[in-house]
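Notes follow the structure.
None of the figures in this text is laboratory data; all of them are computed from the coordinates on show. Only a predicted model underlies this, so the values are computations on that prediction, with no experimental measurement involved. With ideal geometry, Cβ positions are generated from the backbone for all residues, glycine too; neighbour counts draw on all protein chains shown.
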Amino acid sequence: MSKRKTTLPAATPRAEARPKLLSVVCPAYNESENLATFVASVEAAMRAIAQPYEIVFVNDGSSDSTLELMMRLRKTHGRIAIVDLSRNFGKEIATTAGLDLAKGDAVVVIDADLQDPPEVIAEMIAGWREGYDVVYARRRERNGDGPVKRLTATLFYKLIHRVGAVDVPENVGDFRLMSRKAVDAVCSMREHHRFMKGIFAWIGFPSKEILYDRAPRAAGTTKWNYWRLWNLSIEGITSSTLAPLKVSTYFGFATALTAFLAGAFFILKTLFFGDPVPGFPTLVVIVLFLGGIQLMVLGVIGEYLGRVFNETKQRPLYFATEVYPSDIGADRTSVRQAV
Ligand code: UDP
Ligand code: MG
């Protein structure tokens, strides 16, 4: 496997001191407890640096009062846009819906639970001024996570580093600032199996890393259990590399070679020494071994085939029940749909 080491171009400083408009995109699923505090702290952080902004909320099919709260907040702050998705599409698609509606010449993606501190945005804007198209935040420590989650996360990054086609930086989530150019690039990628970390890494552009301390969740509970994380890992691998298919092929070759050698051995043994014992255990072991490998490899192929199936349907990425734009910036009232 040839692994391409991604080297990113250098940045040239921008003439402007700050983006004319910054869009803060925030996907939210059952976050009613956090929204008011979230808006207040984004507002405070933006006022501190005199940055014109809008908040783009995406209601990802919440079952609590998240949407009503968003609507109420929007009435009092003209700076809030809302995309109300028709059901829960998951964070990756919800984020994309927010990016589609964002009007800013720079966009920040941030969680609603205040785990990503809005004060860090000032530092991201400094990176934007230096000319970077992507400024991503790497967490210094995984404070809120237990040892098992840390270990599985480390293993996952090791694996993706080894097999992935692009470098996905470790301990970096979706919390990042992107220039208009980078946002348009991300929005142009309409694949359904969206591993955002992979997409963010794939687009390239001059990128900068800043460090931050990830706070524990302000209220509510995380939506990621281990089953969802496992599926996310499979998504991460299958959406960025064909390596498992190659590994399967080599696995197949190795097994076939072993079977051939074992076959030769048994034939010769029978020719020279006869076959006084029926050899039932050997037979069972070989059959089970081959059967197991075949099923496993079929499973790997199936994972890819299923993804091909989903992508060929070419459905739009999401449906929005309603889109409420913010009242600042150029008008972009309709959400861009899949191409
Ligand atoms: N989220 C979403 N749709 C989902 C799950 C999560 O929009 O199906 C949002 C959630 O409201 C939050 C962000 O994605 O703003 C991160 O979710 P969470 O805090 O559960 O993840 P964690 O911080 O534990 O990785
Ligand atoms: Mg969180």
| Got a sec? How would Ile125, Ile293 order by Cβ neighbour count within 10 Å, fewest to most? | Ile293, Ile125
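Return an integer: the convex hull volume of the alpha-carbon atoms of the chain, in Å³ per residue.
Spread over its residues, the Cα hull of the chain gives 159 Å³ apiece.
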| task | Would you please classify the overall shape of segment 150-190 from the alpha carbon gyration tensor, given that a ≥ b ≥ c denote the square roots of the eigenvalues, rounded means a/c under 1.5, and beyond that prolate means a/b larger than b/c while oblate covers the rest? | result | prolate
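If one computes P(r) from the Cα atoms of segment 257-319, what percent of pairs lie at distances over 18 Å? Write down the numbers at each step before the final one.
Values: 1167 of 1953 pairs.
Tail of P(r) above 18 Å: 60 percent of Cα pairs.
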| query | Between segment 230-291 and segment 46-123, how many Å separate their Cα centres? | reply | 52
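If you place +1 on the Cβ of every Lys and Arg, -1 on the Cβ of every Asp and Glu, and leave all else neutral, what size is the dipole of the chain about its Cα centre, to the nearest 20 Debye? Could the numbers behind the result be given before it?
Numbers: 41 positive and 35 negative charges, 144 e Å.
Charge dipole, the chain, about its Cα centre: 680 debye, nearest 20.
Expressed as a whole percent, how much of the Cα-Cα distance distribution for segment 52-100 exceeds 15 Å?
On the way: 495 of 1176 pairs.
Pairs farther apart than 15 Å: 42 percent.
Are there any GluC sites (Glu not before Pro) in segment 141-232 that are in a DSSP loop and have at most 15 other Cβ atoms within 10 Å? List them by number. Numbers along the way, then the final one.
Working: sites: Glu141, Glu170, Glu191, Glu209; in loops: Glu141, Glu170, Glu191.
Sites meeting the loop and neighbour criteria: Glu141, Glu170, Glu191.
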| Nonlocal amide H pairs with Ile80, under 5 Å, H built at 1.01 Å | Ile55, Asp327
| request: Could you work out how far helix 120-129 tilts from the main Cα principal axis of the chain, as a 0 to 90 degree angle to the nearest 10? | output: 90
| query | Taking the Cα atoms of segment 91-130, what is the range of coordinates along each of the three principal axes, in descending order and whole Å? | reply | 29, 24, 12
| Classify segment 1-128: rounded, prolate or oblate, from the alpha-carbon gyration tensor (a ≥ b ≥ c, eigenvalue square roots; a/c under 1.5 rounded; otherwise prolate if a/b is larger than b/c)? | oblate
| remark: Diffusion coefficient in µm²/s returned for segment 180-339 by Stokes-Einstein, Kirkwood Rh over C-alpha pairs, 20 °C and 1.002 mPa s, is 99
| request: Taking H placed 1.01 Å from N in the peptide plane, check which residues at least 5 places from Arg138 or on another chain put their amide H under 5 Å from its amide H. | output: Ile210, Leu211, Tyr212
| note | Phi-derived 3J(HN,Hα) across segment 204-215 with the Karplus relation (6.51, -1.76, 1.60, θ = phi - 60°), rounded Hz, x for Gly and Pro, is x, 6, x, 10, 9, 10, 10, 9, 8, 9, 7, 6
| query | Can you list the residues of segment 200-223 with backbone N under 20 Å from a point 7 Å past the Cα of Arg138, pointing along Cα to Cβ? | reply | 200-215
| query | Over the Cα atoms of segment 174-245, what is the Rg over Rh ratio if Rh follows Kirkwood? | reply | 1.01
| field | segment 46-63 - phi-based ³J(HN,Hα) in whole Hz, Karplus 6.51/-1.76/1.60, Gly and Pro as x | value | 6, 5, 4, 10, 6, 9, x, 8, 9, 10, 9, 8, 10, 8, 8, x, 5, 9
| field | Estimated distance in nm for a label pair at Glu191 and Arg47, the labels positioned 7 Å out from Cα along Cα-to-Cβ | value | 4.4
| remark: Expected max-MSF residue from Leu295, Leu22, Leu229 in the GNM of the chain (alpha carbon, under 10 Å) is Leu295
| note | By the C-alpha gyration tensor axes a ≥ b ≥ c (rounded if a/c is under 1.5, else prolate when a/b exceeds b/c, else oblate), the shape of segment 116-230 is oblate
| task | Determine ³J(HN,Hα), in whole Hz, for all residues of segment 240-250 in sequence, where each value follows from phi through the Karplus function 6.51 cos²θ - 1.76 cosθ + 1.60 and θ = phi - 60°; x replaces Gly and Pro. | result | 10, 7, 9, 3, x, 5, 5, 4, 4, 4, 5
| request: For an R0 of 51 angstrom, estimate the FRET efficiency from the Cβ-Cβ distance between Ser65 and Thr12 and round to the nearest 0.05. | output: 0.65
